[in-house]
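Novice: What follows is a single structure, and I will ask about it in a moment.
None of the figures in this text is laboratory data; all of them are computed from the coordinates on show. Note that the structure is predicted; figures quoted are calculated from it, not measured. Cβ placement follows ideal geometry from the backbone for every residue including glycine, while neighbour counts extend to all protein chains displayed.
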Amino acid sequence: MPGNCLLIISKNEGINPLSLAEEALQSDVIDKIIISDGSNEETFKRLKAKETKTIEVIHEKTYVNTTETGKGIGMINGGIAALKQGFERIAYMDGDIFCPNINKWFPFLFEPLEGDIDIVKVAFSRNPTDGQITRHITKPLIAMFFPNAWEIDQPLGGELSLKAEVLKNLFSTGINPPYGWGIDTFITIKSLIYGYQMGEVYLGQKMHNKKTLTHLKKMFVQCFEEAIRMIQYFYQLPARKKIKPVLRIASPFEMDTVFDEGYMNIKKEIERSFCSFNLMKKMYLPHDTIYYKMKDVTDFNSFYNLSQQININNWVELLYWFVKKYDPLLIDQYYLRWKIRALSFCLHEINTVAQAESRTTFQAKTASNFIYKIGEGAKLDNSSKKVYFYQHQ
């Protein structure tokens with residue numbers, strides 16, 4: 001029976017997926033690579049023409065019948081292809097990576113699956129201004145509603161591996177996977193809900209295409225909505241399995257702290273956001289007054305001064321109420337407040353990589369402690385008890 005299959009998920013990445021595949025095969029632990037590609041016809045044909053015995057290229061909708069688009073389609077399609085071919089262990093990689101020596105990663109993705117670990121998530125060093133959806137949405141929400149797993153560092157990473165039976169169950173039982181950016185949220189949270197043992201391994205720095213906060217709205221919306229959907233699913237289950245703590249997998253990679261300082265110009269990001277802040281509406285939730293005041297901000301200094309009032313405590317409680325009183329019609333309002341929180345975080349709480357990771361961890365721990373202290377019940381409702389658990393500012 002075939003052993004290890006690597007899936008590369010790509011869309012209009014030129015021939016970079018082929019370069020990744022050739023580099024990955026040098027690891028000597030991969031039996032086959034399947035590129036699930038959603039590129040335009042010309043790019044797809046270029047990739048297809050380079051197939052080999054160990055590199056297969058398939059269209060991202062070979063096994064998925066839909067007119068929709070999104071990252072999830074490529075991942076579902078590739079997963080089905082690998083399962084049909086009988087592979088025991090399956091890993092995923094985004095097609096936009098251009099790191100040298102990625103072949104060194106794969107022993108740490110596949111070998112843990114030979115033991116008790118069911119799914120391996122990968123953590124990378126990241127620029128302090130990167131990962132703002134993870135830092136302020138996915139990680140604290142996991143910490144709130146799946147407290148044993150609060151220590152997971154990067155739940156949204158596209159690099160992961162799973163036992164075949166685990167992947168099959170995630171895609172075919174219970175709630176269906178999404179077709180968009182929420183697929184990584186789905187895989188991480190559903191794995192926790194189903195009681196699978198998750199491990200996380202640090203593999204250095206990953207170089208890939210970056211997006212500023214202004215270009216992350218679609219990703220934010222889909223990741224946030226998927227987190228809400230999975231939390232609601234969890235609370236509707238008649239019987240819940242125990243959430244297992246995330247295990248650390250040892251690796252020889254050292255923490256990388258050198259990054260491009262020009263990754264994101266925070267001042268410009270703030271100044272280009274003023275027009276969108278005008279769209280803010282009152283939400284009548286704890287601490288929201290602080291965020292709503294940004295509606296009237298028209299210059300950087302005013303934003304800088306006002307945003308000093310935004311901190312971990314009031315964000316955690318406000319995020320909790322986003323879930324309790326979730327309304328899909330208010331998705332733009334959730335987005336604007338996340339953007340304000342992310343900009344405030346970059347301005348006031350971080351100067352170094354270590355500081356950014358420390359504050360991110362502390363915020364998740366605060367979220368976990370918050371849900372414990374208020375005594376969240378077995379039912380997810382929108383009651384108004386426990387308003388202003390933290391001192392109102």
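Novice: Report the calculated FRET efficiency for residue 51 and residue 281 (r = Cβ-Cβ distance, R0 = 41 Å), to the nearest 0.05.
Specialist: The formula returns an efficiency of 0.20 here.
Novice: Using only Cα positions of the range 36-194, each an equal point scatterer, no hydration layer, compute I(q)/I(0) via Debye at q = 0.16, 0.19 Å⁻¹ and quote the log10 values to two decimals.
Specialist: -1.04, -1.44
Novice: With a 10 Å cut-off between alpha carbons and a GNM built on the chain, which of 94, 327, 130 moves the most?
Specialist: Highest fluctuation among the options: 327.
Novice: By what distance, in whole Å, do the Cα atoms of the chain stretch along each of the three principal axes, largest value first?
Specialist: Over the chain, Cα extents along the principal axes are 63, 48, 43 Å.
Novice: Towards the positive end of the charge dipole of the chain, with charges on Cβ (+1 Lys, Arg; -1 Asp, Glu), say which of 92, 302, 265 has the farthest Cα.
Specialist: 302
Novice: Okay, moving on. So, how do all the Cα-to-Cα distances of the range 1-103 break down into 5 Å bins, in percent, from 0 on up?
Specialist: 2, 14, 27, 26, 20, 8, 2, 0
Novice: I want to check the label-to-label distance for residue 219 and residue 373. Put each point 7 Å from Cα in the C-beta direction and report it in nm to one decimal.
Specialist: 3.2 nm
Novice: Would you mind checking which residues have amide H under 5 Å from residue 256's amide H? H placed 1.01 Å from N; only 5 or more apart, or other chain.
Specialist: 125
Novice: I've got another one for you. Once Lys and Arg get +1 and Asp and Glu get -1 on their Cβ, which of 286, 338, 275 lies farthest toward the positive end of the dipole of the range 266-373?
Specialist: Looking along the dipole axis, the top candidate is 286.
Novice: Could I ask something else about it? Explain nothing, just the number: relative contact order of the chain, from Cα pairs under 8 Å at least 6 residues apart, as a whole percent. Could you put the intermediate results ahead of the total?
Specialist: On the way: 650 pairs, mean separation 67.8, N = 393.
Result for the chain is 17 percent.
Novice: Next question, about the same structure. Per residue, how big is the convex hull around the C-alpha atoms of the range 138-194? Give it to me in cubic angstrom, could you?
Specialist: Considering the Cα atoms of the range 138-194, their hull volume per residue is 89 Å³.
Novice: Who wins for biggest fluctuation among 191, 161, 358 in a Gaussian network model of the chain, springs between alpha carbons below 10 Å?
Specialist: Comparing 191, 161, 358 in a Gaussian network model of the chain, the most mobile one is 358.
Novice: If you don't mind, there's one more thing I want to ask. Using the Karplus curve 6.51 cos²θ - 1.76 cosθ + 1.60 with θ = phi - 60°, work out ³J(HN,Hα) for each residue of the range 71-86 in order, rounded to whole Hz, and write x for Gly and Pro.
Specialist: 4, x, 4, x, 6, 5, 4, x, x, 4, 4, 5, 5, 4, 8, x
Novice: Would you kindly calculate the mean projected area, averaged across all directions, of the convex hull enclosing the Cα atoms of the range 266-373, in square nanometres? Display every interim value, and only then the final one.
Specialist: Values: hull surface 27.4 nm².
With the hull built on Cα positions only, its mean projection is 6.8 nm².
Novice: Between residue 293 and residue 31, 0.36 nm times their residue separation minus their Cα-Cα distance comes to what? Each step should come with its number before you reach the end.
Specialist: Values: separation 262, 0.36 × 262 = 94.32 nm, distance 5.63 nm.
Result for the pair: 88.7 nm of gain on full extension.
Novice: How high is the relative contact order of the range 266-373, in percent, with contacts defined as C-alpha pairs under 8 Å that are six or more residues apart?
Specialist: Values: 75 pairs, mean separation 32.5, N = 108.
Result for the range 266-373 is 30 percent.
Novice: Excluding residue 123 itself, what net charge comes from residues whose Cβ is under 14 Å from its Cβ, given Lys and Arg +1 and Asp and Glu -1? All intermediate terms of the calculation are to be shown ahead of the outcome.
Specialist: Numbers: positive: 121, 126, 135, 139, 206, 248; negative: 130, 151, 153, 159, 184, 200, 254, 256, 357.
Neighbour charge sum, excluding residue 123 itself: -3.
Novice: Okay, next question. Just to check I understand the Karplus step: with θ = phi - 60° and J = 6.51 cos²θ - 1.76 cosθ + 1.60, what whole-Hz values come out for the range 237-249, glycine and proline as x?
Specialist: 5, x, 9, 10, 7, 5, 6, 8, x, 7, 8, 8, 9
Novice: While we're on this one: Nothing charged except the Cβ atoms of Lys and Arg (+1) and of Asp and Glu (-1): what's the magnitude of the dipole of the range 266-373 about its Cα centre? Round to the nearest 20 debye. Walk me through the intermediate numbers first.
Specialist: Values: 15 positive and 10 negative charges, 37 e Å.
About 180 debye.
Novice: Additional query: Using alpha-carbon pairs under 8 Å, 6+ residues apart, how would you state the relative contact order of the range 1-103 in percent?
Specialist: Values: 183 pairs, mean separation 44.9, N = 103.
The normalised contact order for the range 1-103 reaches 44 percent.
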